[in-house]
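The values are calculated or read from the model by the stated rules, or taken from the named source; none is laboratory data. Remember, it's a predicted structure, so these values are computed and weren't measured experimentally. Positions of Cβ are generated from backbone atoms using ideal geometry, with glycine treated the same way; all protein chains shown enter the neighbour counts.
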Amino acid sequence: MKTHLALLVFLVICGSAWARNPAPFRIGGYADTDRELTCVTGPAGTVFHHVLWAYVPDSLGLVYLTVRLKFPANLDLSRRPVFNDRVFEVIYSDYPGGTLEWNMLFNECPSGWIQAFSHEIVLLDETPGAIEILGAHSMMRDCTFVLNDVAVVNSLGLNTPDCPPVPVAPTRWDHLKSLYLQ
């Protein structure tokens, strides 16, 4: 009888843990506005867009997003990202090892898939790598002011072997010239 009772208690506890939904707050890096391209391939001077998307459940909305990104050394990040029209304040923080943290304040409590920003970036060489989202340092505050962890859907791969070439913006002369001046 004790064994059956212990087994029943174990199943009830584990069953409730297994029934939990995965983290509803998600974030991912893409090379397009359709959230389809997860990698970029190209020679030195290739210009591409890093588009950060965040998902927030409709019932909660988004008021604050913190995302920490790790950029490989072979990127020109000199252009300023273009933020969503609902972002009214951005705070930048530099961290050692090529990581940047961007804190964005949103108005109007948007929900669903939200394009947080688009950043035009230039590849400086063909070294494989990725623009990584550091999930342990990224979070979202919903419109009820609850701070939520995020699940990282993907990072944006750069010149990885399994990445087919994708159409990117044409290379401009000023980008090529800056490569030789460095």
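Figures for the structure shown
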| read-out | value |
| --- | --- |
| Identity of the residue in the stretch 89-101, out of contact with any Lys or Arg (no Cβ under 8 Å at 6 or more places or on another chain) and surrounded by 11 or more Cβ atoms within 10 Å (Cβ to Cβ), that ends up farthest from residue 76 (Cα to Cα) | 89 |
| Criterion: touching a residue at least 40 places away in the same chain (Cβ under 8 Å) and in contact with a His (Cβ under 8 Å, 6 or more places away or on another chain) - qualifying residue of 111, 155, 118, 138 | 118 |
| Scan of the stretch 44-70 for residues that are among the charged types (D, E, K, R) and modelled with pLDDT of 95 or more, ordered by number | 68, 70 |
| Flag if residue 73 is part of a loop (DSSP other than H, G, I, E, B), at pLDDT below 95, among the hydrophobic types (A, V, I, L, M, F, W, C) and over 17 Å from residue 135 (Cβ atoms) | yes |
| Sole exception among (1) within 25 Å of residue 43 (Cβ to Cβ); (2) under 13 Å from the mean Cα position of the chain (by Cα) for residue 77, by number | (2) |
| The one condition in (1) surrounded by 15 or more Cβ atoms within 10 Å (Cβ to Cβ); (2) closer than 19 Å to residue 144 by Cβ that residue 119 fails to fulfil | (2) |
| Any hit, the stretch 63-79, residues being of a type in the set (Val, Ile, Thr), surrounded by 18 or more Cβ atoms within 10 Å (Cβ to Cβ) and touching a Cys at 6+ places or on another chain (Cβ under 9 Å) | yes |
| Filter result for residue 51 (β-branched (Val, Ile, Thr), under 22 Å from residue 26 (Cβ atoms) and part of a strand (DSSP E or B)) | yes |
